[in-house]
Amino acid sequence: MAFILMGMMFTVALALNIEDFRAVRQQPVRVIGGVIAQILGLPLLTLGLVLILAPPASIALGMFVVASCPGGNVSNLLTHFARGNTAYSVSLTTISSVSAALATPVSILFWSSVYGPTAQLVQQLEISPMPFVTQTVTLLAVPLAAGMLVAARWPRLAARIRAVLMPLSLAGIGVLIVVGVVQNWTIILAIGVIIIPIAVIHNASAFGLGALSGRVLRLDAPSRRSLTFEVGIQNSGLGLIILLSQFDGLGGAAAITGMWSIWHLVAGTGLIGLYRGLDWLKIARETKTAP
């Protein structure tokens, strides 16, 4: 599991570019505001949903894990198809991915400790905070730094390596999802009726938070679309690997994380259709009113 996690982070880092960090200096409010919406806003929103929905502790833990993960490269692709600001999306993904080396493990432990049932669950699993953070940071930071170094020094080599490792990483995540489903099939059948609506509500709320944050930051329409996808599309594959490697799978948590990994793609695709439809209506109206 640790090898897969490191390989995944190395592959992600091969696509990160130092140039993407310059957006922080050029437009600090919109970039930092977008990162805050994801790193702090989404976990806080998740806590609110957990308090309202009161799911089983293992499912709540999975929700916190997903909310603590960075955005993935999929958000950049969906932003592009939705005619959003792809450059802004890439900048947010780069910053959240680098921050994840420390932010993700700390966020998981912090938000899990705030909610009583998950705090008790983590205590029962005998997860020691310092070893967990240290080990997870090492597993994330070392391949992240190595991948960014290769991308900066040898960009062509990085592109070639990524072309090979990306499908392998995706296949590895797919295998983990299948293994997780098989191992926890009984649990999934028992709580499947709970998992699906929670995943849908959680993901829809994340998209809503991204859109609302874009309004608060007074972003233009393409950038609002970017932030919507950045908050709503999380690297749930990373969350699943962390659960399997650090929490021994934990059926309910793995189930909700796996469901999110499927549903956010379905919902994201539907959101693309909505945005494209709105664009078409706008063009149609402008055509009718044109002299």
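None of the figures in this text is laboratory data; all of them are computed from the coordinates on show. All of these numbers come straight from a predicted model, not from anything done at the bench. Glycine gets a Cβ as well: all are built from the backbone with ideal geometry, and neighbour counts include every protein chain shown.
Determine, for 63, 6, the number of other Cβ atoms within 10 Å of each Cβ, and report the residues in order from fewest to most.
Details: 63 30, 6 19.
Fewest-to-most ranking of 63, 6: 6, 63.
What order do you get for 278, 77, 238 when you list them from fewest to most C-beta neighbours inside 10 Å?
On the way: 278 13, 77 16, 238 26.
The order, fewest Cβ neighbours first, is 278, 77, 238.
With label points built 7 Å along Cα→Cβ from the Cα atoms of residue 102 and residue 166, find their separation and express it in nm.
3.0 nm
Given a Förster radius of 25 Å and the C-beta distance between residue 196 and residue 265 as r, what FRET efficiency does 1/(1 + (r/R0)^6) yield to the nearest 0.05?
Working: r = 15 Å, r/R0 = 0.59.
Working from the Cβ atoms, E equals 0.95.
Each label point is 7 Å from the Cα along the Cα-to-Cβ direction; what then is the distance between the points at residue 216 and residue 54, in nm?
My value for the distance between the label points is 2.8 nm.
Compute the distance in nm between two label points, each set 7 Å from the Cα along the Cα-to-Cβ direction, one at residue 278 and one at residue 80.
Using points 7 Å along Cα→Cβ, the separation is 2.2 nm.
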